[in-house]
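**Q** Got a structure for you, written out below as structure tokens; questions coming shortly.
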Amino acid sequence: MSIKRTTVRLEEGLLENAKREAHRRGVTLTALIESGLRRELANGKNGTRPRIKLPVGHGGQVAPGLDLNSNASILEFLDEGLPLEKLR
């Protein structure tokens with residue numbers, strides 16, 4: 001593995017926070033930056049997570065007896081084991 005030198009411009013506050021965090025962890029600033037950069041690159045394009053498709057209700061109707069203001073009611077309804085397709 002070849003190591004190259006480079007110059008990176010960082011906002012002053014970010015640099016100071018990074019130095020403190022590196023010191024707290026007992027690592028060099030370079031090691032902290034490398035670790036964060038590797039993690040970002042491993043996450044994919046621009047560090048974004050894959051999009052999750054959420055179910056969307058149609059028609060504006062709520063199942064009978066389901067109180068959307070009650071977590072207990074929602075959990076009880078979901079525990080009935082109905083597939084998402086049947087809930088649409």
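The values are calculated or read from the model by the stated rules, or taken from the named source; none is laboratory data. Model, not experiment: these values are computed from the prediction. Don't worry about glycine lacking a Cβ; one is built from the backbone with ideal geometry, like all the others, and counts go over all protein chains shown.
**Q** Please enumerate the residues belonging to the stretch 1-16 that are over 16 Å from LEU37 (Cβ atoms) and part of a helix (DSSP H, G or I).
**A** Answer for the stretch 1-16, where residues must be over 16 Å from LEU37 (Cβ atoms) and part of a helix (DSSP H, G or I): GLU12, GLY13, GLU16.
**Q** Kindly list the number of the only condition in (1) surrounded by 10 or more Cβ atoms within 10 Å (Cβ to Cβ); (2) modelled with pLDDT of 85 or more; (3) polar (S, T, N, Q) that fails for SER73.
**A** (2)
**Q** Still on this structure, please answer the following. Can you give me the number of residues within the stretch 32-58 that are modelled with pLDDT of 70 or more and either under 25 Å from ALA22 (Cα atoms) or over 16 Å from the mean Cα position of the chain (by Cα) (or both)?
**A** So the answer is 12.
**Q** For the stretch 1-29, which residues satisfy the criterion of being among the hydroxyl-bearing types (Ser, Thr, Tyr) and at pLDDT 95 or above?
**A** Within the stretch 1-29, just THR28 meets the criteria.
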